[in-house]
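Here is the structure we will look at, set down as structure tokens.
The values are calculated or read from the model by the stated rules, or taken from the named source; none is laboratory data. Nothing here was measured: the structure is a model prediction, and the numbers come from that model. Quick reminder, even Gly has a Cβ in these numbers, built from the backbone with ideal geometry, and neighbours come from all protein chains shown. Protein only, heavy atoms only, side chains kept; ligands, DNA and RNA dropped before computing areas. Shrake-Rupley method; radii C 1.70, N 1.55, O 1.52, S 1.80 Å.
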Amino acid sequence: MPNIQILDQNTINQIAAGEVIERPASVVKELLENAIDAKATAITVEIKEGGISFIRITDNGCGIAKEEIPLAFLRHSTSKIRSVEDLMTATSLGFRGEALSSIAAVSQVELITKVSSSLNGCRYCIEGGMEKIFEEIGCPEGTTFLVRNLFYNTPARRKFLKSAQTEAGYISDIVEKIALSHPEISIRFIHNNQNKLHTSGNCNLKDIVYRIYGRDIATNLLSVQASMESISVYGFIGKPLISRGNRAYENYYINGRYIRSSMISKVIEDAYQSFLMQHKYPFTVLHIQIDSNLLDINVHPTKMDLRIKDAENLIPFLYHTLYNILSSKELIPEISLEEKKLEPAFERSKEYEKVKKREERLAEPFEKNRIAKEQQIKEQALYQINQKPFIEQAEQIELFNGQFLAKEAKEQHRIIGQVFETYWLVEYQNKLFIIDQHAAHEKVLYEKMMTRLQTQQLISQMLNPPVILTLSIREEEIFIRFQSYFEKIGFVIEHFGGKEYAIRAVPDSLLGITQKELFLELLDNLAEEVQTQTITSSILNEKIASMSCKAAVKGNYTLSKLEVEALIEELMKLENPYHCPHGRPTIVVMSKYEMEKKFKRVL
Ligand code: ADP
Ligand code: MG
């Protein structure tokens, strides 16, 4: 065993940095929070290469006095609390005094700052925890932090970073969340010299929602404002029709702090429960104010989670507030058969001309597609006719040993009828088979869709007018990453300016279901999964197939007996007809014997 030694400060800081600074987005978060704590009213965040090589955060806050600068970079140095007692009531966003020392330990930091009481400002450079330059300079009031080459001295950590695009996505998430949490601060975000977000700081929360999430969401909001004793809440919640496939759109803030809390998420989802389909999550931006004596924020270094002592009050209060708002409005989406009239100004604009030209250009290949499609149908029919003698042979050999789904069994099926608008009862031999119509239908559609995706037999079907989508930076990143896949399976999607994309065509079998929702849900789904695994095109195929057939089979509807027979026949063709794509059984069975036991005819 080597000797025991005390680690030097720099090593301690590097290790500690691991707790607070995980990626460029953590740097941005910490520095943004510091700027907010410094009472800035305008903050600019600029990044290059996903923040890995360059982050600059400029604020017009109180600045740091010359003699305090080296102190600010010491571990556990903070101006925000003085004792453990203060921890309980901390109203500032930071207070652990760990961020600057951690950032400086693993990057090259340049600080330019000036307080109003001083004539000159200061420039301070610190790299890997070592002070390099400390000088007086002329500069405006406020603080600028430049953070270069994150993890330059900890290559192992650097390796853990994702692509610049992905890191930029994490950063934009953080900036967006913080912009929503402080509508009174003007926040600007620049990525690779492009302006990605600029909020006005005029306290208009809806305006920020519009800038971040686009028109679709901003025009489908319900306003929230309620208070009770020591708790109040204000903000917006989305109408159920703008629900999404994951929790990424559930934003809530406690005392201006962006947090994740499974408890609050659950309350929100419970309130929405009867208004949303399963696995759908609402859009919310909720500002909750609670007496800070009732909070315990010091749970985790990144302070994303917190404990609430007054949860017994908060939960019912929040639930009832949201539930009442949701239930008092007419939430049935309006549909109109008339085509939406374009705004006259738009019609005259150059952009409109461009769109029109593009449309015409695009229409041509679709004519070709129509011809190709007819051809394809003919080929498929031929293929199926050829396949048939083969399937019949195979079934005779393998499948017929008294199985319900064997071809020979079909003659003996006695379809009794449907119950609960869902289950079909079929008597066969000594058994009662119960088929879940939806699960069965889903399975059949799924298999068909999978085959078509795998063999790329899908054909684009043009949408006129195109569907316009507003993508968040994160969604845009996912979309760009999988763009060629989407195109391969028949989507035609074009950049429409800013954050808007136009879906001009969808794969034909996805028609009839709401293309926009499907596409957004797909992106949401992918956004969740790219974090945990590498996505192959077969995973994508499965996703699309399972989502599209789920959408297609939604809702109860009645089938005729003939249609059920056809459905059973389709099931027979499948390799695993007994489970739907989501793992639920398609058929269950009860034997005559079981029934007789129930009625005590046999013992
Ligand atoms: P904490 O925020 O937990 O106090 P930090 O390491 O993030 O710890 O910051 C250390 C100190 O540096 C802060 O307490 C604050 O006094 C000062 N500071 C950091 N950033 C700024 C800023 N943008 N403007 C003014 N002061 C700042
Ligand atoms: Mg801080």
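Apply the Karplus curve 6.51 cos²θ - 1.76 cosθ + 1.60, θ = phi - 60°, to the phi angles in region 33-49 and return the couplings in whole Hz, x for Gly and Pro.
Here the 3J(HN,Hα) series is 5, 4, 5, 5, 4, 7, 6, 5, 10, 9, 9, 10, 10, 10, 10, 10, 6 Hz.
In region 177-307, what percent of the accessible surface is made up of carbon and sulfur (1.4 Å probe, ligands and nucleic acids excluded)? Kindly include the intermediate steps, with their values, before the conclusion.
Working: 2410 of 5400 Å².
Carbon and sulfur together cover 45 percent of it.
Taking a threshold of 29 Å on the Cα-Cα distance, which of the pairs K39/K280; K431/K561; K407/K516; K280/K561; K407/K488 fall above it? Could the numbers behind the result be given before it?
On the way: K39/K280 38 Å; K431/K561 19 Å; K407/K516 40 Å; K280/K561 33 Å; K407/K488 37 Å.
From K39/K280; K431/K561; K407/K516; K280/K561; K407/K488, over 29 Å: K39/K280; K407/K516; K280/K561; K407/K488.
Taking amide H atoms as placed 1.01 Å from N in the peptide plane, list the residues 5 or more away in sequence, or in a different chain, whose amide H sits under 5 Å from that of I416.
The answer is L425, V426, E427.
Nearest 0.05, what FRET efficiency do L74 and D8 give at R0 = 22 Å with Cβ-Cβ as r?
On the way: r = 14 Å, r/R0 = 0.65.
Calculated transfer efficiency: 0.95.
Can you tell me, using C-alpha contacts under 8 Å and at least 6 residues apart, the relative contact order of region 103-202 as a whole percent? Kindly include the intermediate steps, with their values, before the conclusion.
Values: 161 pairs, mean separation 19.7, N = 100.
Value for region 103-202: 20 percent.
What accessible surface, in Å², does a 1.4 Å probe find on M462, ignoring ligands, DNA and RNA and rounding to the nearest 10?
50 Å²
Please list, in order along region 210-226, the HN-Hα scalar couplings obtained from phi with the Karplus expression 6.51 cos²θ - 1.76 cosθ + 1.60 (θ = phi - 60°), rounded to whole Hz, x for Gly and Pro.
Using θ = phi - 60°, the values come out as 4, 5, 8, 9, x, 5, 3, 6, 4, 8, 10, 10, 10, 8, 10, 7, 7 Hz.
For H198 and E487 in the same chain, what is the full-extension length gain: residue separation times 0.36 nm, less their Cα-Cα distance, in nm? Working shown, then result.
Values: separation 289, 0.36 × 289 = 104.04 nm, distance 3.19 nm.
Length gained between H198 and E487: 100.8 nm.
For F496, which sequence-distant residues (separation of 5 or more, or a different chain) have an amide H within less than 5 Å of its own amide H, given hydrogens modelled in the peptide plane?
Residues meeting the criterion, in which the H sits 1.01 Å from N, are Y501, A502.
Let me make sure I get this right: for region 247-294, a, b and c are the square roots of the gyration tensor eigenvalues over alpha carbons, sorted descending. Under 1.5 in a/c it's rounded, otherwise prolate if a/b > b/c, else oblate. Which is it?
Numbers: a/c = 2.70, a/b = 2.11, b/c = 1.28.
Prolate shape, in that a/c is at least 1.5 and a/b is the bigger ratio.
Just by accessible area at a 1.4 angstrom probe, what is the order of R157, R215, R148 from largest to smallest?
Details: R157 60, R215 145, R148 80 Å².
Accessible-area ranking of R157, R215, R148, largest first: R215, R148, R157.
What accessible area per residue, rounded to a whole number of Å², is obtained for region 1-51 using a probe radius of 1.4 Å?
On the way: 2580 Å² over 51 residues.
Normalised by residue count, the accessible surface of region 1-51 is 51 Å².
Whole-Hz Karplus ³J(HN,Hα) for region 57-68, in order, using 6.51 cos²θ - 1.76 cosθ + 1.60 and θ = phi - 60°, x for Gly and Pro?
10, 10, 10, 10, x, 6, x, 10, 5, 3, 5, 9
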